[in-house]
Amino acid sequence: MNPSGLAVRPGAPDDEDSVVAANLAMALETEDLVLNAEVLRRGVRRALSAPPDCRYFIAQPAAGGDPVGQLMVTREWSDWRDAWVWWIQSVYVWPAHRGKGVYRRLYAAVLAEAAAAGVPVVRLYVDTRNTSAQATYAALGMDGGHYQVFEATLPAPVGPGT
Ligand SMILES: CC(C)(COP(=O)(O)OP(=O)(O)OC[C@H]1O[C@@H](n2cnc3c(N)ncnc32)[C@H](O)[C@@H]1OP(=O)(O)O)[C@@H](O)C(=O)NCCC(=O)NCCS
């Protein structure tokens, strides 16, 4: 699709099915992970109803039709900057629509909103093996050289009510 025929709009509760499908496909493709669909659906549902803490951006043909790409933005407080920093997550463009500027449009929409909101930095993390996405982010001017991400996975809570 020609990018000029593309619209980027905020995610809404009606996007739940397509966003769940995109996240399942993305995890499998990029990390060989089969996500728990029930947990994912709950997480997506909350994300679609929880602005401004998390928001989806959906790319779709301007004339209507199924979504062709998505990303989610969350925010994190930076005491160093006395400001919210935005994080991009859950980036996915359906394979048939890749290489046509869909992500470029999504990213431009995020940057425009971030600038208008006075956000000083937009960040994302990407699997070290995902060299294709890394090349995309670098091509659009992001700098991947500064940090590595470290994480601890905690045991799932057990007991009544969990
Ligand atoms: C990575 C991904 C989001 C890129 O989306 P896309 O819509 O195809 O990207 P765009 O067409 O907007 O490309 C933007 C720029 O990135 C570069 N680029 C895109 N794909 C690239 C690739 N595979 N290799 C190198 N550069 C690439 C190009 O320079 C392009 O600029 P151009 O339009 O001037 O040529 C998409 O391939 C995807 O969904 N991949 C699977 C999921 C994934 O990896 N998600 C990221 C998890 S962190």
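Scanning segment 73-112 for residues that are more than 17 Å from residue 11 (Cβ to Cβ) and of a type in the set (Lys, Arg) gives 81, 98, 100, 104. Among the conditions (1) touching a helix residue (DSSP H, G or I) at 6+ places or on another chain (Cβ under 8 Å); (2) surrounded by 15 or more Cβ atoms within 10 Å (Cβ to Cβ), the only one that residue 106 does not satisfy is (1).
Of the listed requirements (1) within 23 Å of residue 141 (Cα to Cα); (2) within 16 Å of the ligand (Cβ to nearest atom); (3) loosely packed, with under 15 Cβ neighbours inside 10 Å, residue 66 misses just one: (1). Look at segment 47-68: where a residue is in contact (Cβ under 8 Å) with a residue 24 or more places away in the chain and a partner is surrounded by 15 or more Cβ atoms within 10 Å (Cβ to Cβ) and of a type in the set (Val, Ile, Thr), sitting 6+ places away or on another chain with Cβ atoms under 6 Å, you get 55/73; 57/8; 59/8; 59/68; 59/102; 67/58; 68/102.
State whether one or more residues within segment 131-139 are near the ligand (Cβ under 8 Å from one of its atoms) and either outside any helix (DSSP H, G or I) or under 18 Å from residue 9 (Cβ atoms) (or both). So far as segment 131-139 goes, no, none of its residues is near the ligand (Cβ under 8 Å from one of its atoms) and either outside any helix (DSSP H, G or I) or under 18 Å from residue 9 (Cβ atoms) (or both).
The numbers here are math on the coordinates, done by the rules we state, and not lab data. Computed from a predicted model, the values in this text were never measured in an experiment. Don't worry about glycine lacking a Cβ; one is built from the backbone with ideal geometry, like all the others, and counts go over all protein chains shown.
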